[in-house]
Amino acid sequence: MTTIHPKKKPRWVDLLLICAILSLTVLTIFLVSMRNGNISSNDHEHTALAASADIVKEKTKYNGIYIVTEKSTNKNAPYTIQYPKTSSKVFNQSVKDTIHKVRDQYLKDMEKSLQKDDQIAGNLSITYKTIIHKKKYYTFVLTQSIYIGKDSKQKTVKTFMYDQKNNKQILLQDVIPSQKSLTQLANAVKDAMSKDKELKNIMNTPSIKKATKPLWINFENYSLTDQTLTIYYNSSILSKNITKIKAVHIPLSSINNIVAQPYKVKVKKAVQKKPTKVVALTFDDGPSNTVTPKVLKILKKHHAKATFFMVGSQVNANPKIAKQVWKEGHEIGNHSYTHANLKQLTNAQIKKQLSMTNKAIHKATGHNPTLFRPPYGSVDNRVRSQTKLPTVLWSVDTRDWEHRNSKKLLSYVKKYTYPGAIVLMHDIHMPTANGLDNVLNYLEKQGYTFVTVSELNNMEKKK
């Protein structure tokens, strides 16, 4: 039997395979090295930009707080950065991390821009101001202005609040400690915005609605003084037409109830001087289209409020005058429809007199009368029971309906008026209107303040 031996492979084939494997290995190593070299080169270039800055630390006028300035004069990517440094390492790190994140992003964006145009130049500027609350809480308001070539301006704000005594950062959640309180703050911000010339006409836009939702992130940039809580918004957040940082100021006293105890301020209660002498001037039987307008003019001159007890038929005859009385802030009462002696009428007739007058006053002014004065002062319990309105008479009768003399009007006022008096006059007699200015001048010189009957009644109740 013949044995067949396999043919031996030529040696040159093995050598060829070994060379191919070695070549591929060398090529792979070379390519990887080149890639790593490029990455290292880019990292080195980026690091070099950042590391080229001069760093200076200086004292400020605030004890224990320094200002750090980092400045790079690189021709394409210069920057000047200023930020505070305190005795809290944690707080300082939080500030630096935020600052350097902005700086690094700026340098990264500049590198991309320079790859497209090596002549382009940018700029980064970060400055800050210090705002103090209660001499121990510091808010650092950092303003960032970034420019990366054409049409790439950005202006943003970032705030940090620092508790120097406890050496820690204060977040908005520390100042406004609950979601319910945050909702109240959001409402206060919207109220302040609605009074702002730049914002009041865009309050219903999606941008404003989104920016004022009660979310912590919407109000995280804030500052505190002893008078104001300020919320800051970056440019274009509230409107594309607003190119500057927008500060919305809220009086701290208006939200003092939702602020955490350490940050509350003492709100001085406005001390209102109680008038030592008040008098209620009342006018019956109108409105008159000739006398009432003159009475109103004189009352307005003296900033005096009065009470007008109107007759329903006169209201229907002069509705515009009745409305003017209401518009000028005076009180209106029911004085029956025909100036009838109500004690001589049946219950049904009394109710009709009062009901018709109520309707006439409401039709003319849009409001119901608040008081009831019976004609001639003729009243008893039966008459009173026909209405829910408080019954009002008078304590000083000037008898102008009898003498119809402006001089006598003044003499009655001088003789009988006292603090808390309800003075009876009539706005259907021209001598009353003619003598009213002298009456008011006299009462003012005597130290009287003029109130409506309801105001006088409320003062009596509080005594």
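Computed from the coordinates by the stated procedures, all read-outs in this text should not be read as laboratory data. Since we're looking at a predicted model, the values are computed, not measured. Here Cβ is always computed from backbone atoms with ideal geometry, including for glycine, and neighbour counts include all displayed protein chains.
Tabulated results
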{"quantity": "Within straight-line cross-link reach of K158, aspartates and glutamates at Cα separation under 18 Å, skipping those fewer than 8 residues along the same chain", "calculated": "E70, D97, D104, D174, E220"}
{"quantity": "Whole-Hz ³J(HN,Hα) from phi, Karplus 6.51 cos²θ - 1.76 cosθ + 1.60, for the stretch 378-393, glycine and proline x", "calculated": "7, 8, 8, 4, 5, 5, 4, 6, 7, 8, 8, 6, x, 8, 10, 10"}
{"quantity": "Rounded FRET efficiency, nearest 0.05, which uses the C-beta distance separating N204 from N123 and R0 of 41 Å", "calculated": "0.65"}
{"quantity": "HN-Hα J in Hz across the stretch 443-451 - Karplus 6.51, -1.76, 1.60, θ = phi - 60°, x for Gly and Pro", "calculated": "5, 5, 5, 7, x, 7, 10, 9, 10"}
{"quantity": "Listed residue (S194, V95, F140) projecting farthest to the positive dipole end of the chain, Cβ model", "calculated": "S194"}
{"quantity": "Entries of K108/K240; K155/K209; K168/K197 with Cα pairs more than 31 Å apart", "calculated": "K168/K197"}
{"quantity": "Computed lengthening from E58 to A247, 0.36 nm per intervening residue step minus Cα-Cα distance", "calculated": "65.2 nm"}
{"quantity": "Dipole magnitude (debye, nearest 20) for the chain, charges at Cβ of Lys, Arg, Asp, Glu", "calculated": "780"}
{"quantity": "Greater than 27 Å apart at Cα, pairs in K351/K462; K85/K180; K180/K266; K305/K415; K190/K327", "calculated": "K351/K462; K85/K180; K190/K327"}
{"quantity": "Theoretical gain in end-to-end length, N458 to Y66 [0.36 nm per residue, Cα-Cα removed]", "calculated": "135.2 nm"}
{"quantity": "Förster radius 56 Å - calculated FRET efficiency between N257 and Y416, Cβ distance, rounded to 0.05", "calculated": "0.70"}
{"quantity": "Relative contact order for the stretch 204-321, counting Cα pairs under 8 Å that sit 6 or more residues apart, in percent", "calculated": "16"}
{"quantity": "Those aspartates and glutamates that a straight Cα-Cα span of less than 20 Å connects to K200, excepting residues fewer than 8 apart in one chain", "calculated": "D191"}
{"quantity": "Listed residue (M110, N358, L389) projecting farthest to the positive dipole end of the chain, Cβ model", "calculated": "L389"}
{"quantity": "³J(HN,Hα), Karplus 6.51/-1.76/1.60, whole Hz, each residue of the stretch 180-194, x for Gly, Pro", "calculated": "4, 5, 5, 4, 5, 5, 4, 5, 5, 5, 4, 5, 5, 5, 5"}
{"quantity": "Inter-label distance for N438 and H403, nm, one decimal - labels placed 7 Å from Cα along Cα-to-Cβ", "calculated": "1.0"}
